[in-house]
Amino acid sequence: MTRAPAAWLAACVLLLLPALAWAQAEPVRVGSKQFTESVILGEIARESAHEAGAEAVHRRELGGTSILWSALRHGDIDAYPEYTGTLTHELLKDVAPDADIATLRERLRPLGIGITGSLGFDNSYAIGMRADRAVQLGIRRISDLRAHPGLRLGLSNEFMDRGDGWPGLRRHYGLPQAQVSGLDHTLSYRAVASGAVDAIDLYGTDAEIPYYRLRTLADDMHYFPRYEAVYLYRLALERSAPRFVEALRGLAGRIGEDAMRGMNARVKLEGASESAVAADFLGVRAQADAAGFWLRLLRRSVEHIKLVALSLALAVLLAVPLGILAARVKRLGQWVLGLVGVLQTVPSLAMFVFMIPLFGIGAWPAGAALFFYSLLPIVRNTHAGLAGIAPELRESAAALGLPPGVRLRDVELPMATRSILAGIKTAAVINVGTATLAALIGAGGYGQPILTGIRLDDIGLILEGAVPAALLALLVQGLFELVERRLTPRGLRIEARQ
Amino acid sequence: MSRETGLPGAETPPRVAFALERASKRYRGATALDGVSLAFDAGSVTALIGSSGSGKSTVLRLLLGLEWPDQGCVKVDGRVLDRGDVLAWRRRVGYVTQDGGLFPHLTAFGNLALLPRHLGWAAPRIRRRAEELAALTHLPQGVLERYPAELSGGQRQRVALVRALMMDPAALLLDEPLGALDPIVRHELQDELKAIFGQLGKTVIVVTHDLAEAAWFAERLVLMREGAVVQEGRFEDLCDRPASAFVTRFVETQRRLPERRP
């Protein structure tokens, strides 16, 4: 009993050490957003850097624009592919919507960020419909949509919210549609193909446009800004990794629209890996990146379990004392329970994103988010376990003349064991599931293949993450039941049976 | 082995006198005790009687320092009990409640050993003491290794009594110790308890709502009603010289109960 805290502490330190070591020896880090084109461009950056003799790693599919941008600003990544339209409309304030790259370069310099020239293609937003439906309704241009207020729009969440997205488009064209739903971009193609929605937003280089036989509507009133692809990088690299910067700049003007659409199609429609496509484009041999299935599984399992175990261990260290405090001091207890309850209501994705300014990207913010999620079940169950002890028994311990600390350790906590362990079990099982979202902010784990699988519409890949995650959840559940049986005092089990 | 106290392991016969002085206690506005003064001489046996809610249990709880009086005080050997003394004081008092108050996660022996272990007694000494007291209270062999949930009601109360006696306390406070037992076991234990009180020479207070049981245990009875003492004296005093109509009614009602003893 007394040795347990020391063991927990040792476990925490052991889990922390590799993370620290890994944080130090890091080559240049390229990030990419959570869509295929960005991942391919990330791979191209990594492989051309390698060709130029600079080592780079690629942390793929980190999430949306805000995550990548803040990661770059905080130095959690060193470079990532971006689009000029995003810079002018979303990331930089007070910049003309049609500002050229030279202007953007001036504006980015004070932020310590550099920008390459245009890579050679413009991937602006567009509105697309199934070609047969467009023909049937006689729609060729965006302004034609005004005549069909009943059309259902399925817009990517990012497009729905950004200033240069749906709100501006609707105002600019005076669009009347009321049925607008937010979708994940990778799902919206299937939604429009199946007829669940009539029109979606898309990017000019999307591989799916020809595949699903979509028609892109002409932007006849010139609303959408240009989205020239560029790389953003931290200016500090010019000194620390000049070859990398040189390699990035060397890519300017080399990727045309057709080339990009072709690469997207090879990944999304033919199932080629981003690495292979990028290597083919650069005319080099793909670096062995495809680890075997078991090795991949092992790596992800380690990432996933490390994340869950560490966050859970730290949560236990805080939540059990908090639960004790809540049970001891009633008024404070209400506050404590309320606070951890509020934490639980934060949507998990939002929680992960909130952690980025505090912890950057990767395992740390993900662990922190999971830590906060673990608190409620443990605090609540610790509190409930202690509060549920019959007052006569608590008094009987006091009447013996045992000091409060001994009463807590030898009487109250053992009697609350079952409840506390159940709380930890709940937290652990929830954590195993929630940790799949951690891949969104670069923490890897079983969420990685799930994300990629959703992006590539590859059920096999989704299962590669989902099945081990489910198995792990079952394993954790079973493990805790075993622990519960071992740790619950025998007398309580006998009592419960009666 | 058997000394004057009949209790093995006692170096000097522990004796203590204590008292409530003009003690009042209110719970959320309801008066539980209203300016009660009661003295308990060293070595005396007193029974507190009255119906539920009369304040009997509150007297014990105040004496143990589990609650503190709103007015008045508790005195132990003439000194006012304060919060700093309370742990040491509770260890000099054995306390048994109606349901025994045994901890379900520990065996009977684990329950007995809890306090001695905390006070640094060596394991053989705890074992020896537990077995002596088990013999004194007629606990059968092997009961000490069982969990409370595996014991009968009577065994549980015996174990609770042994736990209260482990440190050879100077006083025993028993709150309806037999209230939850069936009549046969109850009579058996009444006999045993009386014998033990006679041997030990401790200051004993028994709380009960049963007049016959009170008279069986104690020379001195204290009848309480609504937080105040109504009458104090021997059983005969209550019967022959009742202080009020309430006392007469209380005695009459009790006499009709079948389990009354002569």
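The values are calculated or read from the model by the stated rules, or taken from the named source; none is laboratory data. It should be emphasised that the depicted structure is a prediction, and the values quoted were computed from it without experimental measurement. Cβ atoms come from the backbone with ideal geometry, glycine included; neighbour counts cover every protein chain shown. The accessibility values were calculated without ligands, DNA or RNA, using every heavy atom of the protein model including side chains. Shrake-Rupley method; radii C 1.70, N 1.55, O 1.52, S 1.80 Å.
In plain terms, the bigger the Kirkwood radius, the slower the diffusion; for the protein assembly as shown, with that radius from Cα pairs, at 4 °C and 1.567 mPa s, Stokes-Einstein puts D at 40 µm²/s. From the square roots a ≥ b ≥ c of the eigenvalues of the alpha-carbon gyration tensor of the range A:300-381, which class results: rounded (a/c under 1.5), prolate (a/b over b/c), or oblate? It comes out prolate by the Cα gyration axes.
Magnitude of the charge dipole for the range A:125-217, about its Cα centre and with charges confined to Cβ atoms of Lys, Arg (+1) and Asp, Glu (-1), is about 380 debye. Between the amide H of residue A:31 and those of A:59, A:78, A:79, A:80, distances stay under 5 Å, these residues lying 5 or more places away or on another chain, with hydrogens modeled in the peptide plane. The H on the amide N of residue B:225, modeled in the peptide plane, is under 5 Å from the matching H of B:230, each at least 5 residues off or on a different chain.
Have a look at A:181, B:37, A:149 and report the one farthest towards the positive end of the charge dipole of the protein assembly as shown, computed about the Cα centre with Cβ charges (Lys/Arg +1, Asp/Glu -1). After comparing all options, I get B:37. Taking a straight line from the alpha carbon of residue A:306, these lysines sit under 29 Å away, with near neighbours fewer than eight places off in the same chain left out: A:33, A:425. Once the partner protein chains are put back, the range B:116-162 shows a loss of at least 50 square angstrom of accessible area, versus the chain by itself, at B:118, B:147, B:149 (probe 1.4 Å, ligands and nucleic acids excluded).
Filter the DSSP H helices in chain A by two things, a Kyte-Doolittle mean of at least 1.0 and an axial alpha-carbon span of 20 angstrom or more, and list the hits by number.
Values: long enough: A:3-24 (32 Å, 1.40); A:36-51 (22 Å, -0.24); A:293-328 (51 Å, 1.34); A:330-345 (23 Å, 0.60); A:363-387 (35 Å, 0.86); A:413-434 (30 Å, 0.97); A:459-487 (41 Å, 1.38).
Length and hydropathy pass: A:3-24, A:293-328, A:459-487.
In this structure residue A:58 has an accessible area near 30 Å², from a 1.4 Å probe over the protein heavy atoms. Between rounded, prolate and oblate, where does the range A:293-497 land on the alpha carbon gyration tensor, with a ≥ b ≥ c its root eigenvalues, rounded for a/c under 1.5, else prolate if a/b exceeds b/c? Cα axes put the range A:293-497 in the prolate bin. Here is the interface size for A with B: some 2100 Å² of accessible area buried, both sides summed, with a 1.4 Å probe.
In a DSSP loop and with at most 16 other Cβ atoms within 10 Å, the trypsin sites (Lys or Arg not before Pro) in the range A:201-298 are A:213, A:226, A:254, A:285.
Annotation: amide H-H contacts under 5 Å for residue A:214 (H modelled 1.01 Å from N, sequence separation of 5 or more, or interchain): A:131.
Using a 10 Å cut-off around each Cβ of peptide A:410-421, what is the average number of partner chain Cβ atoms that fall inside? Can you show the working numbers first?
Working: counts 8, 5, 1, 1, 4, 4, 1, 1, 1, 0, 0, 0.
Mean partner-chain Cβ count within 10 Å for A:410-421: 2.
Loop-located trypsin sites (Lys or Arg not before Pro) in the range A:64-120 (DSSP state other than H, G, I, E, B) with a sparse environment of at most 16 neighbouring Cβ atoms within 10 Å: A:93. Under a Gaussian network description of chain B, with springs only between Cα atoms under 10 Å, the residue in B:242, B:148, B:104 that fluctuates furthest is B:104.
Quantify, in whole percent, the carbon and sulfur part of the accessible surface of chain A (1.4 Å probe; protein heavy atoms only).
Details: 13330 of 22200 Å².
Ligands and nucleic acids excluded, carbon and sulfur give 60 percent.
Can you work out the accessible area per residue across the protein assembly as shown, with the rest of the protein chains kept in place, probe 1.4 Å, in square angstrom? Could you put the intermediate results ahead of the total?
Details: 33660 Å² over 760 residues.
On a per-residue basis, the protein assembly as shown sits at 44 Å².
Counting protein heavy atoms only, chain B has 49 percent of its accessible area on carbon and sulfur, 1.4 angstrom probe. A 1.4 Å probe, protein heavy atoms only, puts the accessible area of residue B:21 near 60 Å². Note on chain B: GNM, Cα springs under 10 Å; of B:46, B:203, B:31, the largest mean-square fluctuation is that of B:31.
Summing +1 for each Lys or Arg and -1 for each Asp or Glu among the other residues whose beta-carbon sits under 13 angstrom from that of residue B:100 gives -2. Using a probe of 1.4 Å on the protein chains alone, the accessible area found for residue A:340 is around 10 Å². Per residue of A:388-396, other chain Cβ atoms within 10 Å of the residue Cβ number 4 on average.
As a test, work out the antiparallel percent of DSSP beta bridges whose residues both lie in chain A, rounded to the nearest 5. Intermediate results must be reported in sequence, preceding the final value.
Values: 18 of 30 bridges.
Counting DSSP beta bridges with both partners in chain A, the antiparallel share is about 60 percent.
Just checking the listed ones, B:122, B:39, B:149: in the Gaussian network model of chain B with Cα springs under 10 Å, the one fluctuating most is B:122.
Residues of the range B:94-110 buried by at least 40 Å² of accessible area upon assembly of all protein chains, compared with the chain on its own (1.4 Å probe): B:103, B:104, B:105. With a ≥ b ≥ c the root eigenvalues of the C-alpha gyration tensor of the range A:144-223, is it rounded (a/c under 1.5), prolate (a/b larger than b/c) or oblate? The shape class here is rounded. Couplings for the range B:202-214, taken from phi via the Karplus curve 6.51 cos²θ - 1.76 cosθ + 1.60 with θ = phi - 60°, read 8, 7, 10, 10, 10, 9, 8, 9, 9, 4, 5, 4, 4 Hz in order; Gly and Pro are left as x.
The C-alpha radius of gyration of chain B, expressed as a fraction of 2.2 N^0.38 Å, stands at 1.00. Taking a Cβ cut-off of under 14 Å around residue A:446, the surrounding Lys, Arg, Asp and Glu residues balance to a net charge of +1, with basic ones at +1 and acidic ones at -1.
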